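Working notes for the structure below.
The values are calculated or read from the model by the stated rules, or taken from the named source; none is laboratory data. Note that the structure is a prediction, hence the values are computed from the model and not measured. A quick note on method: Cβ atoms are made from the backbone with ideal geometry, for glycine too, and the neighbour counts reach across all protein chains shown. Note: accessible area is taken over every heavy atom of the protein model, side chains too, but ligands, DNA and RNA are not part of it. Shrake-Rupley method; radii C 1.70, N 1.55, O 1.52, S 1.80 Å.
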Amino acid sequence: GWKGAPEIRTADGWSFKPRGRMQVDLAAVDTPVGATDARGGLKTEFRRIYLGVDGKIPGGFAYRVEADVANNSVELTDVYLTYGTGPLSVTAGQIKPFWSLDEMTSDLFTSFMERAAFAQAFGFERRVGLSAQYRRGDLLLQAGVFGDNAGDLLDDSNNAVSLDGRVVWMPKLGDTQLHLAASGHWRDPNDPAALGRYRARPFAHTTDVRLVDTGLIDVASERGIGLEGAVIAGPFHAAGEGYWHRVNRTGPADPTFFGGYAEVGMVLTPGDRRGYKDGGFDRLKPTKPITAGGVGAFEVNARYDHLDLNDGGIVGGRQQAALISLVWAPVDYIRINANYGKLWVGDARVATATGDRDYTADTFGLRTQVDF
Amino acid sequence: GWKGAPEIRTADGWSFKPRGRMQVDLAAVDTPVGATDARGGLKTEFRRIYLGVDGKIPGGFAYRVEADVANNSVELTDVYLTYGTGPLSVTAGQIKPFWSLDEMTSDLFTSFMERAAFAQAFGFERRVGLSAQYRRGDLLLQAGVFGDNAGDLLDDSNNAVSLDGRVVWMPKLGDTQLHLAASGHWRDPNDPAALGRYRARPFAHTTDVRLVDTGLIDVASERGIGLEGAVIAGPFHAAGEGYWHRVNRTGPADPTFFGGYAEVGMVLTPGDRRGYKDGGFDRLKPTKPITAGGVGAFEVNARYDHLDLNDGGIVGGRQQAALISLVWAPVDYIRINANYGKLWVGDARVATATGDRDYTADTFGLRTQVDF
Amino acid sequence: GWKGAPEIRTADGWSFKPRGRMQVDLAAVDTPVGATDARGGLKTEFRRIYLGVDGKIPGGFAYRVEADVANNSVELTDVYLTYGTGPLSVTAGQIKPFWSLDEMTSDLFTSFMERAAFAQAFGFERRVGLSAQYRRGDLLLQAGVFGDNAGDLLDDSNNAVSLDGRVVWMPKLGDTQLHLAASGHWRDPNDPAALGRYRARPFAHTTDVRLVDTGLIDVASERGIGLEGAVIAGPFHAAGEGYWHRVNRTGPADPTFFGGYAEVGMVLTPGDRRGYKDGGFDRLKPTKPITAGGVGAFEVNARYDHLDLNDGGIVGGRQQAALISLVWAPVDYIRINANYGKLWVGDARVATATGDRDYTADTFGLRTQVDF
C-alpha cells in the first residue's frame, strides 16, 4: 500500500511505514506600537518537521515512534505501543490525553494554521501514560492515566498525574456526519511548589509574544471540562467547542478560565468534502487533483475564537478573534493554507507604547505543507 | 526478509533495514526518610527510544547508524562502518568497547531492566574508534583503540585514548551453550585536570539519585579487568561476572573498585530458552506466541549484585542487591519486564534524615518494550 | 531502484528513499607552541551523521527532509518541497543559497575533507526561503529570497533577509565538461545590533581554533560576488573560484574580504573520472570496484587556497594553504579521503607563545565515509 509513503506489509499481518511532515510558515502579527517590540515582523519558520514510523505486529499490536525536529531539537510526539483485537484497545506511551476536537484533529487537517486559543492556553500537550479506547458503532470512549510530557519527565522531581476521559457520539445520518463529545480532565502536579502559566500566541507561531497571559501562578490542581459539536454535510461543515479550565490554588480564590470557538466552512470544489475519522477531522482529498487535470480541492473557513483569562482575581486578559482561512490541496498530501485574523484584546499582558491594554491586532499566515 | 521491520535486499548483496526500539518504564525507589528527597516516587519515563538503520553494501561492507532520542535529545548509539569478508572484520565508528557480558548483551535482552551496578559505576559507554574482531569456531577475539563517546568529543580539549580487548570462548556442548570470557581495558584521559566519578543508580533509572558515589576524584588513567562466565542448558541459565577497576591518581593512593554479580534464570514455557549469539545473550523467542494460540514465553531470573566503591582512601560506599525479574514475551518483538530489588547499602553517599549511611532500600520497575 | 538505499517507486509516479551519510574523521593541526593551546592534538569525531528521506509525489512535487545529528543534536540540512514539471522549478524550505561551486558540491564529493576557507569564513550556510531554478540545455539559473538558517530562526527577533542568485553555463564539449558560473548575494540582518564574525578553521574540523578571525564586528549588510570555473577532461580536472565579500558597516569603513582557490586533480584508475551534475561535482564511481575484482577508484588532488580578512581597518589575518588529498572509493558509496595541508598565516588571530602572528602550520586528516 502507499499512503504518502510506502506501507510495507506481509501476508501474516506485519506492516511498516515511514511517517513525516513538513510545515513551512510565513507569518506576521501587526499590533499597536510597542505591543510586541520588533518581534511580530514578517518571519518564516519550520512550524513542524516530523519524522517517524508506524508499525503493526501480528497478534493485535501496533506502534508509532515519531518526533518533531523543527526547532533543531527532538521533541517526541506520538510514541506508543497499542494492543487490541476487538473494540477495546490499550495503549502505553505518549499520546494526546483526549482533549477537544480541535486538539484531537491532526495539525495536518485543522481548519486554521493554529488551533483554538484555549488549546494553547490550557496547556494541551502529549503525555506519557496508560490509556484505553473502546469503540462500538457510533460510540467512542477514551480514558487514561498520564504522567507528563516526555520532555518534562526528564526532571527528576516531576511526579505529576492526570486523569483524562472523553465520550464521542459520531452517528452518520445519511450523508451527514455528526460529532457530539464531552471530555473531563483532572491533574495533580504532585508538587507543592508547582506553578502554571496560561497564555496564548496571537494565532501566529513565529512570534513568542502572548498578548493574553496570566503570568505564573501557583497551582494545586487543575480540572477541565470540554464540550464539542460538529457536523459535516456535503461541502459544508460547522464546529464549535467550549472548555472550562478551573485552577485550584492553595491560598487565593480558584479561577475558572474559559475558551471556545464557533466555525463554519465550505469546500468550494465540487464533490469534495472534509474528512472525518474516529473523533476528529481527517484529510481533505481532492476528487480532481492536479494530476487528474483538476485544480485540487479548495476550502474556505471562518471562525470566531474566544479566550477569557480573567477570573478569581487573576487578570490574564480576554482575547476575541475573527479568523478566515483558504485551504488548497492540489493533491492529497500537499496543502497550502492562507490565514488572516483580526484580534480584539482586553486587559492585554503586553501594553502598547502609550500604556493601553485594550486594542486590536492583525495576524497573517501562509503555510506550505507536505506529509507522508 | 522481515526482522521486526522489513529488511530490503537485492540479489547482488545490498540490504537495508530500519531499526528502532521503545522502552516505557514505570519505576520507583523506596529508601529511608531523607535519603532520596522526594525524588524516588513512582514515576514513568521513556527509557530508550532508538531510531536508526542497518545496511549492507556488496564487497563486505556493513553499516549501522542509530541514535537514542528518549531524552528529547539525540545521543548517538551504534554508528559504524564495518568491513570484513572472512573471520576478520574491521570497524570504524562508535561501538561498545568490548566490556562485560551484561554490557555486550543488548538492553533488549538483558535479564533485568538495568544492568549490573558495576557497568554503570565504571563508566561503560560507547566510544568512537577503530577496532577489529576475529571469529573462528568457538573463539571470538575483539580489540580496539578508542577516543571517547561522540557526545564528549564535541569538547575541543578531549583527547582521551583507550585500548580495549576481549577474548570469548563459547563452545556448544550438545544442547548446552557455554560462555567464558575475559576482557582488559586501559584509558588515558590525556588531560592533567581530568576528573572521574564512580557511582550507580539503585536499579531504577527514573531517579537521578545514586546511593553509592565516590564524588569527583582526579584520574590519571584507568585500568579494568573483567571475567565472565555463563551457561545456557535447556530452559535454565546461569551467569556471573567480576570486574576490577583501578584508578591511577597522580598524588594519593590508587583505589581498585570492584563489582560483580551472579545470576540464575529459568524459562517457564516449554520448549523456550534464552538466545545466545556472538558473545552475548540474544532474543527470547516464544515457540508458542500468542499469535499461535500460546501464551508467549515466560522467564524468571534472580541475581545477586555487588558493588564496592571503598578503596585507597575513597569511601564511595558498598551496595549489595538481590533482584528478581519476571519477563513475558507474548511475541518475538514485544517484551514486558517486571523487576523487584532489595538493596543493602553501606557508607552511602546519601544519608537518611537521621544521618544514617547504612540502610536498605527497595526498588520496583515495570518495562513495556517493542523493537524492530 | 537502488541508490545506496532502496528507492521504492510506484507506476504512477510516487517514490520514497531513505537517505543518510556517516563521516568519521581523524584529524590534527600542528602549530607553533602556544598557538592553539592543547586543542589541535590528534583527535577523532563524527564530522557528519545525516539521516533523512527523499520523496516524489505525482504532479511534479518532490521533497527532502534531512538532518545532521553528528553533534548529538539535530541540525536541519536540506528540508524542502519542490514543484516543477518543466525547466522551471520552485522550492520552499531550507536549501543552500546558490553559493560557490565548492559549496554547492555535496560534501560527499568535494576534493578535500573541508571546503575552501572562504566558504567557511563568509558564513555560507543553508537558509529557509523561497527559490526558483530554471534549466534549459547548458544553462542553469538559480535565484531566491531567504530568511536565515532554521536554527537561527528560533530567535524571535531574527528578521534577516537575503537575496541570492547564480548563473551557470555548463557545456559539454565532446568528452570535456566545462563549468563557468557567477553568483551574487545580498543580505540585510534587519537588526541594528547585528554582529558578524569572519573566520575559518585550519582545514581540520576537530579543532575549534581559528587562526584567522576578524572578531565580532557590526554589520549593516553584506554583499558577495563569486566567480567559478572548472573543467573535467577524462581523468583530469581543474577548478578555481574567487569570492569578494563586502561588509557594509554603519560607522567605520566597509571592508571587502576575499577568498579563493585553484585546484587540479587526476583520477589514477583507468576509465574513471569525476562526476558532474547540475552545477556541482558529483560522485566518483569506480568502473572496477572491489566487488568486480578491481581496486576501486583512486584520485589525487592539489589545491592552493587563499583567504584575506585584512581590509578597511579590520585585521583578521591572511591565510594561504597548499593542500593535497588522496581519495579512494573501493565501491560507489564508500570513500576514504586522506588530506595533508601546509598553511602560511599572517596577522593571525592566535599568536604563538612568543607573540608571533606570522607562522606556518600543518594539518592532517583522514575521513572514512559511507552514504546511502
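Miscellaneous remarks
- Here A:Gly260 fulfils each of the conditions (1) open to solvent by less than 10 Å² (accessible area, probe 1.4 Å); (2) more than 21 Å from A:Leu323 (Cα to Cα) apart from (2).
- Failed item in (1) within 30 Å of C:Thr85 (Cβ to Cβ); (2) away from chain C (no Cβ under 14 Å); (3) buried (at least 22 other Cβ atoms within 10 Å of the Cβ), with A:Pro286 passing the rest: (2)
- Condition check for C:Ser100: crowded, with 19+ Cβ neighbours inside 10 Å, at pLDDT 95 or above and within 14 Å of chain A (Cβ to nearest Cβ): no
- Test: C:Ser106 is of a type in the set (Ser, Thr, Tyr) and either open to solvent by less than 20 Å² (accessible area, probe 1.4 Å) or part of a strand (DSSP E or B) (or both): no
- Annotation: A:Val219 fulfils all but one of (1) over 20 Å from A:Met113 (Cα atoms); (2) surrounded by 15 or more Cβ atoms within 10 Å (Cβ to Cβ); (3) touching an Asp or Glu at 6+ places or on another chain (Cβ under 7 Å); the unmet one is (3).
- Odd one out for C:Gln94 among (1) part of a strand (DSSP E or B); (2) more than 10 Å from every other protein chain (Cβ to nearest Cβ): (2)
- Of all residues in segment A:72-85, those satisfying the criterion of being in contact with an Asp or Glu (Cβ under 9 Å, 6 or more places away or on another chain) and either more than 9 Å from every other protein chain (Cβ to nearest Cβ) or over 25 Å from B:Pro330 (Cα atoms) (or both) are A:Asn72, A:Val74, A:Glu75, A:Leu76, A:Thr77, A:Asp78.
- Complete set of residues in segment B:325-335 that are open to solvent by 10 Å² or more (accessible area, probe 1.4 Å) and within 18 Å of the chain's Cα centre (by Cα): B:Arg335
- Taken together, the residues in segment C:361-371 that are buried (at least 23 other Cβ atoms within 10 Å of the Cβ) and either free of Cβ contacts under 8 Å to residues at least 40 places away in the same chain or of a type in the set (A, V, I, L, M, F, W, C) (or both) amount to 2.
- Cβ-Cβ under 7 Å pairs, at least 6 apart or on other chains, segment C:327-344 side within 11 Å of another protein chain (Cβ to nearest Cβ), far side in a loop (DSSP other than H, G, I, E, B) and open to solvent by 30 Å² or more (accessible area, probe 1.4 Å): C:Asp332/C:Arg283; C:Asp332/C:Lys285
Condition check ((1) more than 14 Å from chain B (Cβ to nearest Cβ); (2) out of contact with any Asp or Glu (no Cβ under 8 Å at 6 or more places or on another chain); (3) hydroxyl-bearing (Ser, Thr, Tyr)) across all residues:
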| position | (1), (2), (3) |
| --- | --- |
| A:Ala150 | no, no, no |
| A:Asp156 | no, no, no |
| A:Ala160 | no, no, no |
| A:Asp175 | yes, yes, no |
| A:Leu180 | yes, no, no |
| A:Gly184 | yes, no, no |
| A:Arg187 | yes, no, no |
| A:Leu211 | yes, yes, no |
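- Meets criteria (farther than 29 Å from C:Ala150 by Cβ and either touching a Lys or Arg at 6+ places or on another chain (Cβ under 6 Å) or facing chain B (nearest Cβ under 9 Å) (or both)) for A:Leu88: no
- When A:Ala27, A:Ala11 are checked against the criterion of being open to solvent by less than 20 Å² (accessible area, probe 1.4 Å) and more than 9 Å from chain B (Cβ to nearest Cβ), A:Ala27 stands alone in meeting it.
- Residue that is nearest to C:Leu307 (Cα to Cα), among those in segment C:336-360 that are open to solvent by 20 Å² or more (accessible area, probe 1.4 Å) and under 24 Å from the mean Cα position of the chain (by Cα): C:Trp344
- Qualifying position, being more than 10 Å from chain C (Cβ to nearest Cβ) and either under 17 Å from the mean Cα position of the chain (by Cα) or free of Cβ contacts under 8 Å to residues at least 60 places away in the same chain (or both), among B:Phe109, B:Phe16: B:Phe109
Each row is one residue, and each column tells you yes or no for (1) open to solvent by less than 30 Å² (accessible area, probe 1.4 Å); (2) within 30 Å of C:Leu284 (Cβ to Cβ); (3) touching a residue at least 12 places away in the same chain (Cβ under 8 Å).
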position	(1), (2), (3)
C:Gly144	yes, yes, yes
C:Ser157	no, no, yes
C:Ala160	yes, no, yes
C:Ala182	no, yes, yes
C:Gly196	yes, no, yes
C:Arg199	no, no, yes
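- Residue match in segment B:41-52 (condition: in contact with a Ser or Thr (Cβ under 8 Å, 6 or more places away or on another chain), within 14 Å of chain C (Cβ to nearest Cβ) and either at pLDDT 95 or above or over 22 Å from B:Gly165 (Cα atoms) (or both)): yes
- If the condition is being more than 11 Å from the chain's Cα centre (by Cα) and either on the phi > 0 side of the Ramachandran plot or assigned to a helix (DSSP H, G or I) (or both), then segment C:112-125 contributes only C:Ala121.
- Residue ID - surrounded by the most Cβ atoms within 10 Å (Cβ to Cβ), chosen from residues in segment C:71-97 that are among the charged types (D, E, K, R) and out of contact with any Phe, Trp or Tyr (no Cβ under 8 Å at 6 or more places or on another chain): C:Asp78
- Filtered by the rule that a residue be more than 30 Å from C:Pro171 (Cβ to Cβ) and surrounded by 22 or more Cβ atoms within 10 Å (Cβ to Cβ), segment C:309-324 gives C:Leu309, C:Gly316, C:Gly317, C:Gln319, C:Ala321.
- Comparison of C:Gly234, C:Gly251, C:Gly271, C:Gly226 shows that the only residue that is buried (at least 22 other Cβ atoms within 10 Å of the Cβ), in contact (Cβ under 8 Å) with a residue 12 or more places away in the chain and more than 21 Å from C:Gly341 (Cβ to Cβ) is C:Gly226.
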